[in-house]
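Working notes for the structure below.
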Amino acid sequence: MSSRTIPFWKRKNLTEMTPAEWESLCDGCAKCCLYRLEDEDTRAVYYTNVHCRLLNTDTARCTDYANRSTRVSDCVTITPKVLEDPYWLPATCAYRLLAEGRDLPDWHPLISGDPQSVVRAGQRVCGRTVCEDDADALENHLIDWIE
């Protein structure tokens, strides 16, 4: 099999990817846009159904992606450095999967060729969340449907 037929995410490590390849790893699930709570002792992560105010819930994309980290202090830009310990990312996140040496799921758009495969697989959070501007205490919004 020539290197051209091997997908880039299988032949390159995360630090070797072009910006376009890196961005294409995002499946558009918007799980990373949800607020999480973490037990500092156990590092257990608890997801909420509260999403960042910058999330467009129709497209599952950030409305100000280029400036997200400056506009939202808790927003974490995913980098290879961040992925040295990706425990807090959803188990289905392509960045986490690849950082842990695993492959992408069948429903990932890079595998399926269809961005809507994320929706059909029930992986997109849109329609099941509330904006942070409309939410009360995060503890009241814990969910168990992420993992």
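Values quoted throughout were computed directly from the atomic coordinates according to the rules given, and no laboratory measurement underlies them. This one's a predicted model, so the numbers in the text were calculated from it and none came from an experiment. Here Cβ is always computed from backbone atoms with ideal geometry, including for glycine, and neighbour counts include all displayed protein chains.
For the range 51-67, the count of residues that are of a type in the set (Lys, Arg), closer than 22 Å to Leu98 by Cα and surrounded by fewer than 18 Cβ atoms within 10 Å (Cβ to Cβ) is nonzero. Entry remark, the range 3-37: residues being in a loop (DSSP other than H, G, I, E, B) and either in contact with a strand residue (DSSP E or B) (Cβ under 9 Å, 6 or more places away or on another chain) or not hydroxyl-bearing (Ser, Thr, Tyr) (or both) number 12 in total. Between Ser24, Ser112, the distinction of being small (Gly, Ala, Ser) and free of Cβ contacts under 8 Å to residues at least 24 places away in the same chain belongs to Ser112 only. Taking the range 38-93 on its own, how many of its residues are outside any loop (DSSP other than H, G, I, E, B), under 14 Å from the mean Cα position of the chain (by Cα) and of a type in the set (A, V, I, L, M, F, W, C)? The total comes to 4.
Looking only at the range 68-88, residues that are among the β-branched types (Val, Ile, Thr) and exposed (fewer than 14 other Cβ atoms within 10 Å of the Cβ) come to 4 in all.
Taking the listed residues Glu139, Glu132, the one that is in contact (Cβ under 8 Å) with a residue 60 or more places away in the chain, within 21 Å of Thr77 (Cβ to Cβ) and of a type in the set (Asp, Glu) is Glu132, with no other qualifying.
Selection of the range 117-129 for residues being outside any loop (DSSP other than H, G, I, E, B) and either without any contact (Cβ under 8 Å) to a residue 24 or more places away in the chain or surrounded by fewer than 13 Cβ atoms within 10 Å (Cβ to Cβ) (or both) yields Ser117, Val119, Arg120.
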